[in-house]
Amino acid sequence: MSTLLHITQNEDGTLSSYSEVTEPLSEAKKMEVFRLLQKFDPALRRRSAPYEGPHPELAQELIAWRRERSRALGLSPYVILTQKTLYVIADAVPQTTGELLNIPGFGPILYEKYGLDILRITCK
């Protein structure tokens, strides 16, 4: 059992909510709630939606790699690679330099900096 947060929009546009103990949310319902909350929370609007592609473990591994790399370099994670680019890499699972360079938003400069690290992750 887990706690479920119910959120409704009132006629005046305000949100009201209550919670109850229930079964866990399905992934589809989590996405529905996330999209609803994005409309009302500016901070959530800036966040990427959760990964919904065929390789969730790979996406998480790439995100963890980016987080470690950003800490080591003292940069924000999005400066290294955007979430969208990481998701495209996870979808494509590039196995060669050419495949990685064909990813939109990933060019020769990024390859020089991070390409071998990414290929080590995607070629496992």
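Data table
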item: Candidates ALA90, ALA59, ALA72 - the one that is open to solvent by 80 Å² or more (accessible area, probe 1.4 Å) and not hydroxyl-bearing (Ser, Thr, Tyr); result: ALA72
item: Residue among SER26, SER16 that alone is in contact with a Ser or Thr (Cβ under 6 Å, 6 or more places away or on another chain), open to solvent by 40 Å² or more (accessible area, probe 1.4 Å) and modelled with pLDDT of 65 or more; result: SER16
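The values are calculated or read from the model by the stated rules, or taken from the named source; none is laboratory data. Keep in mind it's a predicted model, so treat the numbers as computed, not measured. Using ideal geometry, Cβ is built from the backbone for each residue, glycine included, and neighbour counts are taken over all protein chains shown. For accessibility, only protein heavy atoms count, side chains too; no ligands or nucleic acids. Shrake-Rupley method; radii C 1.70, N 1.55, O 1.52, S 1.80 Å.
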